[in-house]
Amino acid sequence: MFRKAHLFFTMLCGGTTSVIIIILSLFYLHTTQNNLYANAFHSFTNDIGTIAVSLEQSANISMQWLSGLEARNEYQIFVIDNGIPFLYNKLHDRDGADGQTLLAESLDAQNQTASGIRMETEGSSYSGIRHSEYEFRSPSTGQFYFCSLIDIQKDSSASQIVILSPLKSLRDSLHKQRLFFLFLNLAALVALFTFAWIFTGLVLKPLKENHEKQTRFIAAASHELRTPLAVILATNECCQNASVSEQASFFQTIAKEGQRMNSLIDDMLSLTHTDMQRFPLDKKPTELDTLCLNAYESFEPLCRKEGLTLSLVLPDAPIERCICDPDRIAQVLSVLLHNAISYTPSGGSVKLALNYHRDRRGSFEITVSDTGIGIDDDDKRHIFDRFYRAEKSRSTKGHFGLGLAIAYEIVTSHHGVISVRDNPAGGSIFTVRLP
């Protein structure tokens, strides 16, 4: 399920962003290439304007001047005098076609500018000199050209100069630019989909972990509920064939297991309330030393029965009252003390201590330390997980693995911190810090 969701969100995120990137890239490429074409055409028309001024000031057109003009600008120039081509026109056949064919194609293209020319400009008249520029594609060579047709009217003679500027280098440059943009877009798409895969994986990771926790929670809860239910059903079956005196013992077993199930369900409901962010808290000014004293008095008989020593350490000076839910904090103390007593062998000791740190805001620290079996480092990372117990057997100690999870939720809802560390004297030390 999560793999399909991971793939779907990757394609959605990467695909949407890719479409936007491609559209923007195509728009930018189109605009850039149009600007390059326009700038090249504008430069060509400026050169033609300069040539027109030179023709106006010159009485004759020499072959030397034409050759120099062609060499400097890589132009192809054709001259027609009163409808008769100059001999100069035959001196250069280029691009796989003879000059006369290329000249005829350029003149034919000039006649079709209204329907086929992408760019055209009309020059100003210089004492009988007029020129027009346009772009055309030669059918014979397959090449594109900027072309200028200069009409010269002097006295009774009429001359025409056709100047062609090949666009091969410009179009090769544009082709390379397109290939560069294609490569850039492909690299961007690979990087984008890689990022989308990693990003959506990170987004889905908490959901996946939460789903796994819920699955483990349901499995563990089913296991915990099945045990007392099986005992109740088996005891009920035995009770049917038992004597009246034996039935009293069986009824006690059923009541005990029923109470055990009820306790488990209450704990599960408490955790459900925290998951739904409806954990009930009734905060009020509370004297934590009184809560610790009450907890000590409640658990001292149990410690004495188990052969343990329970001690209480309170601050000597009066301390501030803590704004908290006294019933919930008392529940935390009960969980910590019950765990400490359950996992400390006879002859050991348990200590409950309260400290007040007089810093800028003031904070309270409650510690429950024992000299019991201790907790492995690997188990410390999971000790506050639901249904997790360092001692793997679920049939002993009367624990379900929910007490510390509930304590963690209670302390967290008070914006506090609960932690565990090793006791130098052996065992563990649980610390609760409350603001």
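The values are calculated or read from the model by the stated rules, or taken from the named source; none is laboratory data. None of these values were measured; they are calculated from a predicted model. We place every Cβ from the backbone using ideal geometry, glycine too, and count neighbours over all the protein chains shown.
Observations on the model:
- Checking each residue in region 139-169 for being part of a loop (DSSP other than H, G, I, E, B) and in contact with a Ser or Thr (Cβ under 7 Å, 6 or more places away or on another chain) picks out only SER140.
- Flag for GLU306 being more than 51 Å from the chain's Cα centre (by Cα) and in the same structural domain as LEU404 (by TED's automatic domain parsing): yes
- Residue within region 385-394 that is modelled with pLDDT of 70 or more and surrounded by fewer than 19 Cβ atoms within 10 Å (Cβ to Cβ) present: yes
- Given (1) at pLDDT below 90; (2) closer than 21 Å to ILE418 by Cα; (3) among the acidic types (Asp, Glu), number of the condition ASP289 does not satisfy: (1)
- Any hit, region 117-133, residues being within 20 Å of MET63 (Cα to Cα) and at pLDDT below 85: yes
- Long-range neighbours under 6 Å by Cβ, at least six apart or interchain, first residue part of a helix (DSSP H, G or I) and surrounded by 15 or more Cβ atoms within 10 Å (Cβ to Cβ) within region 189-216, second β-branched (Val, Ile, Thr) and modelled with pLDDT of 85 or more: LEU192/THR17; ALA196/THR10; TRP197/THR10; THR200/THR10
- Residues located in region 357-377, provided they are farther than 17 Å from THR431 by Cβ and modelled with pLDDT of 80 or more: ILE373, ASP376
- Test: residue in region 27-44 that is more than 20 Å from LEU174 (Cβ to Cβ) and assigned to a helix (DSSP H, G or I): no
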